[in-house]
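Chemist: Dropping a structure here in C-alpha cells format, bear with me for questions.
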Amino acid sequence: MFSRLGSLLAAGLLASACATARAAAPIERPALEVPPVPPRIVEPAPAPDLGNFEPVADLPPEKPLPPVSAKPRPSSARETNNRESQKAESKPPEPLPVVEPPPTAPPPVPAAPLIRTPATADAAASERQIRDTMLSAQKGLSNVPFDRLSGQRKKDYNDAKDFIQRAEVAIKASNFELAKDLAGKAEKLANELQGR
C-alpha cells in the first residue's frame, strides 16, 4: 500500500512539474542607438613670445685649415739630407700640418652581470643544497635492485637517473631553480622505489 501511495505521489509531482513548464518566448529588446562621434577640434599651440629674446652677435669667421700634403718617404738617409738642404735653401719653413689623431676604439662593453633571483642569491649555498639532494637520490637508487623491478618501476628508475643528469647540466648553466626542481623529482622517485 505504501509503495502504491509513494508511486502515485511521485507521478503526481512529475505531472504537475511538466504541466507548468513552458518555453518562454524571447523578449525583444530595442536596438541600441550609438551616438554620433563628436567633432574633433584641435586648438593650435600658442605662438612663442619673440619679444623677450636678445639678439646675438655674429660668429667670428672660421680660419681655413692649411692643406695637408702627403710627403713621399725617402728611401735612404743620404737622399733625405740632400733633399732637406735643397728645400731649406729654396723655401721658407712651412708650418706643421694639423694631423687629426686616429680614432680610438670604443671601450669594451662590460659583460652583463648575472641576474639572480632572491631565491638563488647565494649561488654556493644553493648549489651545495642541490648536490646534497642529488646525492641522496643517487644513494637511494643504488639500494634498489634494478633486475627485480617491473616495467613501470624500471621506467621510474631511468627517469630518476635522467633527472639527476639534467640537474647536473642545469647547475653548470647556473639555472639553480631548474636544477633544484629536477633533483627534487629524482629524490622523490628514488624514495618511492625504495619504499615499494
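Chemist: Mind listing whichever residues of the range 179-196 are modelled with pLDDT of 90 or more and either farther than 13 Å from T133 by Cα or basic (K, R) (or both)?
Modeler: Answer for the range 179-196, where residues must be modelled with pLDDT of 90 or more and either farther than 13 Å from T133 by Cα or basic (K, R) (or both): K180, K185, K188.
Chemist: Could you tell me which residue of the range 137-185 is nearest to A125 (Cα to Cα), considering only residues that are outside any helix (DSSP H, G or I) and touching a Leu at 6+ places or on another chain (Cβ under 8 Å)?
Modeler: Of the range 137-185, the ones outside any helix (DSSP H, G or I) are 143-145, 149-150, 173-175.
This time we only want the ones that are touching a Leu at 6+ places or on another chain (Cβ under 8 Å), so: 144, 149, 174.
Values: V144: 29, L149: 36, S174: 13 Å.
Top of the filtered list is S174.
Chemist: Restricting attention to the range 149-171, which residues are of a type outside the set (G, A, S) and within 13 Å of M134 (Cβ to Cβ)? Write out each step before concluding.
Modeler: First pass over the range 149-171, keeping only residues of a type outside the set (G, A, S): 149, 152-159, 161-166, 168-169, 171.
Answer for the range 149-171, where residues must be of a type outside the set (G, A, S) and within 13 Å of M134 (Cβ to Cβ): K161, D162, F163, I164, Q165, R166, E168, V169, I171.
Chemist: Any residue in the range 178-196 that is under 24 Å from D147 (Cβ atoms) sitting within a Cβ distance under 8 Å of a residue that is not in a helix (DSSP H, G or I)? List the pairs, counting only those 6 or more apart or interchain.
Modeler: From residues that are under 24 Å from D147 (Cβ atoms), the pairs are A190/V144; L193/V144; L193/L149; Q194/N143; Q194/V144.
The values are calculated or read from the model by the stated rules, or taken from the named source; none is laboratory data. Worth saying up front: this structure is predicted, and the values here are computed from it rather than measured. Glycine also receives a Cβ, built like all others from the backbone with ideal geometry; neighbour counts cover every protein chain displayed.
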